[in-house]
1. Given 37 °C and 0.692 mPa s, how large is the Stokes-Einstein diffusion coefficient of the range 74-123 in µm²/s, with Rh as the Kirkwood radius over Cα pairs?
2. Ratio of the range 80-192's C-alpha Rg to 2.2 N^0.38 Å, to two decimals?
3. If ligands, DNA and RNA are left out, what is the accessible area of Asp173 with a 1.4 Å probe, given in Å² to the nearest 10?
4. Run the simple label-point estimate for Thr49 and Arg156 please: 7 Å along Cα→C-beta, distance reported in nm.
5. Thinking of the range 26-151 as a set of Cα atoms, what percent of all their pairs are more than 24 Å apart?
6. In percent, how large is the relative contact order of the range 106-147, given Cα pairs closer than 8 Å and 6 or more residues apart?
7. Starting from 0.36 nm per residue, how many nanometres of slack lie between Glu166 and Asp80 once their C-alpha separation is accounted for?
8. Consider just the alpha-carbon atoms of the range 120-175 and return their Rg together with their Dmax, both in angstrom.
Amino acid sequence: MNLTSRKRLPFAGSAALAAAMLLTACSIGARPTPAPTLYDFGPPAARLTTAPATTPLAVEVRAPHWLDSPGIDYRLAYADAQRVQEYAGSRWLAPPAQLLAQRLRQQLGATAAASNVAAACILRVDLHEFSQVFEKEEQSSGVIQAQAVLLDARRRLIAGRSFAIERPAGSADARGAAAALLAASDALGGELAGWLNSSAPTARACGDSLGANAGDSAARLPPAAEVPPAATPVLR
């Protein structure tokens, strides 16, 4: 019995030694996963000279759940336009809706819709597309598609319009996507400002709404999560 045990000891020791060497090799060869490259919209945007005179204006931006993530999306329209992909190793610093909302507030001199500030009007933007679209392998654009509605202080619909913005990307990578989508976001801010300024009744409706609700809690905007969706406007 003792002899048998002694004969098995060398084999058991060899197996243990081999396992230890394998673990050591794995630990030496393993490399830590690099941190993702983060992108945002850069320094704060200057207020547009065409920013609407209606003050104070509140802005909120909403996105469907599939856009509510920090992934930088792209589509290969020349191969499969229905397939949405994300760049590996690169991310937005925050979901696109948050970045866009901050940018538009800076451009339009607006507040957040969830703030406790009496606002004459609320500009709500619903994102439908926020991605880099490749028409060819080396030709792509930052694409934003959105629907904007203007609401008075009681969340009643005043006007609505759809927007489709494209700006060329300088490179076929996450960096090119981030730069193109920033340019598209700034262009959207300019178009929104022009739209808000294009109709005198719009500003008058906002002013009338704020005056009618002075001192009323209805003029103070509730958090977006507590607000029911507005009626779908007639788009032009």
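1. The estimated diffusion coefficient comes to 236 µm²/s.
2. Details: Rg = 15.5 Å, N = 113, 2.2 N^0.38 = 13.3 Å.
In units of the 2.2 N^0.38 Å rule of thumb, it is 1.17.
3. Answer for Asp173: close to 60 Å² accessible.
4. About 3.7 nm, to one decimal.
5. Values: 3271 of 7875 pairs.
Distances greater than 24 Å cover 42 percent of the Cα pairs.
6. It rounds to 33 percent for the range 106-147.
7. Gain in length upon complete extension: 29.1 nm.
8. 15.6, 48
The values are calculated or read from the model by the stated rules, or taken from the named source; none is laboratory data. Treat the numbers as computed from the prediction; the structure is a model and nothing was measured. For neighbour counting, all protein chains shown are included, and Cβ atoms are generated from backbone atoms with ideal geometry for every residue, glycine included. Remember, those area values only see protein heavy atoms, side chains included, never the ligands or the DNA or RNA. Shrake-Rupley method; radii C 1.70, N 1.55, O 1.52, S 1.80 Å.
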